[in-house]
Amino acid sequence: MKPILLQLSEEELSSLAKVYRQTKEARIRTRAQIILLNAEQGLVSSAIARIVRMEEVSVQRILHRYEAKGIEGLKDEPRPGRPRKMTEDYLGKLLGTVRRRPRSLGLDFSIWTLDYLRDYMAKQTGIVLARETIRRHLKANGITFSRPQHTISSPDPDYEVKKKRSKRPGKK
């Protein structure tokens, strides 16, 4: 393939340098670095590929994209595939639901499980998600499920005294 050597203005170089310094995304930073190495130092794609540890074809593709689209060419292109089922709206409803007691929603159980939550959300939104997907998103938002802690109580006013007496060692 014919070597590409970009000729960029000072304004283009400074905006690329700004993107390189300020972006938090490693992929965009690497792409900006590739363009800068080519335009400022006159390096060809094979030399740049060794520096950034990429395939030469990938470096050439990035150079061509920048040549065609400018700074916008550094961004990831949309990927094909099915859109996500877990939308921001769904996540908001999920978090709002899990923070309420099931009985307050008219349900006949008092503790959320992933299965109950999945079924309830499917009825409310029409979207059925896997238990693991729901669990992962809840965990990312600081909500985890654990086994319920059962406590035994009694209306007997002397219950606590009797309970302590039954736990003493040596009692037969």
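Would a scan of the stretch 153-161 turn up a residue that is assigned to a loop (DSSP other than H, G, I, E, B), under 27 Å from the mean Cα position of the chain (by Cα) and not β-branched (Val, Ile, Thr)?
no
I need the full set of residues from the stretch 49-68 which are basic (Lys, Arg), in a helix (DSSP H, G or I) and closer than 21 Å to LYS24 by Cβ, in order please.
Selection gives ARG65 alone.
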*Failed criterion for LYS164 (all others in (1) under 22 Å from SER110 (Cα atoms); (2) surrounded by fewer than 10 Cβ atoms within 10 Å (Cβ to Cβ) hold)*: (1)
*Any idea which of ILE71, ILE152 is surrounded by 10 or more Cβ atoms within 10 Å (Cβ to Cβ) and of a type in the set (Val, Ile, Thr)?*
ILE71
*asked:* Being modelled with pLDDT of 85 or more and among the polar types (S, T, N, Q) is the requirement here; does THR151 meet it?
replied: no
*Just need a number here: residues in the stretch 110-137 that are in a helix (DSSP H, G or I) and not charged (D, E, K, R).*
11
*Answer yes or no as to whether ASP89 is in a helix (DSSP H, G or I) and closer than 29 Å to ILE28 by Cα.*
yes
*Test each condition in (1) at positive phi; (2) at pLDDT below 90; (3) not charged (D, E, K, R) for GLY106 and report the one that comes out false.*
(2)
*Quick one: how many residues across the stretch 44-86 are of a type in the set (Asp, Glu), within 30 Å of the chain's Cα centre (by Cα) and modelled with pLDDT of 90 or more?*
2
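Looking only at the stretch 31-48, decide whether some residue is part of a helix (DSSP H, G or I), without any contact (Cβ under 8 Å) to a residue 24 or more places away in the chain and among the small types (Gly, Ala, Ser).
yes
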_Verdict on LEU13 being assigned to a helix (DSSP H, G or I), within 23 Å of the chain's Cα centre (by Cα) and either under 30 Å from LYS123 (Cα atoms) or among the aliphatic types (A, V, I, L, M) (or both)_ = no
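The values are calculated or read from the model by the stated rules, or taken from the named source; none is laboratory data. Since this is a predicted model, take the numbers as computed values, not measurements. Cβ coordinates were reconstructed from backbone atoms using ideal geometry, including for glycine residues, and neighbour counts include every protein chain displayed.
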